[in-house]
Amino acid sequence: MRRLQAVISEEVRRADNYELEDWPRFHWSAETIPAPLAVVRDRQTCLIRHMETLGFNLQQESVLQTLTADVLKSSEIEGEKLDAAQVRSSIARRLGIDIGALKAADRSVEGVVEMMLDATSHFDQSLTAKRLFDWHAALFPTGRSGMIAV
C-alpha cells in the first residue's frame, strides 16, 4: 500500500479528481502501476481469507458496515448528508440482515441505497442508458429535485 501511495502524486492526494488541472484526462505510467497493484491484490486476498474465517453474522455485519460507509461517503462527496441510521436500516432490509428495530428511511435515502447496491452488486454489467435512467429514477422518483426538473 505504501508503494501505491508513492505512485500517486501529492497533487492527487490533496484534490478530488474533478479538481485536477488535467481533468478528465488522466496520466499514469504503465511501468509503475503493476507492482503496487499486485501488493494491493495480495492484501485483498488476505482480507478475503480472514473474512471467510469469521462467522456468518460477523461477515454480514462487516458487509453492512462497509456498504453503509460507502453510501454515506459517496453522498457526502455530492454535498448530501444522509442519516446513517436510515442508510444502515435500508441496506439491512434490502440484504435481509436482521438488525432489530429498523429505522424508517426517507425516499431520498432509499433511492441512493438502491442505486449503490445495484452498482456494487452488478459491477460487472455494462452501464447502459437504461441502467443509468433507472438510477436517475431511483434518485429522483418525481423527475424533480426540489423545484428543478431533472
Under 9 Å between Cβ atoms, at least 6 apart or on separate chains: pull out the pairs that start in segment 18-30 with a residue that is outside the structural domain of Ile77 (by TED's automatic domain parsing) and under 21 Å from Glu78 (Cβ atoms) and end on any residue that is surrounded by fewer than 10 Cβ atoms within 10 Å (Cβ to Cβ) and among the hydrophobic types (A, V, I, L, M, F, W, C).
Leu20/Phe26
Condition check for Ser75: surrounded by 15 or more Cβ atoms within 10 Å (Cβ to Cβ), farther than 30 Å from Glu19 by Cβ and modelled with pLDDT of 90 or more:
no
When you scan segment 108-147, how many residues do you find that are over 17 Å from the mean Cα position of the chain (by Cα), in contact (Cβ under 8 Å) with a residue 24 or more places away in the chain and farther than 17 Å from Glu78 by Cα?
1
One residue from Glu114, Glu110, Glu80 being under 22 Å from Arg144 (Cα atoms), outside any helix (DSSP H, G or I) and among the charged types (D, E, K, R)
Glu80
Answer yes or no as to whether Val63 is within 26 Å of Gly146 (Cβ to Cβ) and surrounded by 12 or more Cβ atoms within 10 Å (Cβ to Cβ).
no
Taking into account only those residues within segment 79-107 that are aliphatic (A, V, I, L, M) and within 16 Å of the chain's Cα centre (by Cα), which is modelled with the lowest pLDDT?
Leu95
When segment 128-150 is examined, which residues are found to be outside any loop (DSSP other than H, G, I, E, B) and loosely packed, with under 12 Cβ neighbours inside 10 Å?
Ala129, Lys130, Leu132, Phe133, Arg144, Ser145, Ile148, Ala149
Give all pairs with beta carbons closer than 8 Å in which a residue from segment 82-96 that is within 11 Å of Val71 (Cβ to Cβ) meets a residue that is part of a helix (DSSP H, G or I) and polar (S, T, N, Q); count only pairs at least 6 apart in sequence or on separate chains.
Leu82/Ser75; Leu82/Ser108; Ala84/Thr68; Val87/Thr68; Arg88/Thr68; Ile91/Thr68
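The values are calculated or read from the model by the stated rules, or taken from the named source; none is laboratory data. No experiment lies behind these values; they were computed from the predicted model shown. Glycine gets a Cβ as well: all are built from the backbone with ideal geometry, and neighbour counts include every protein chain shown.
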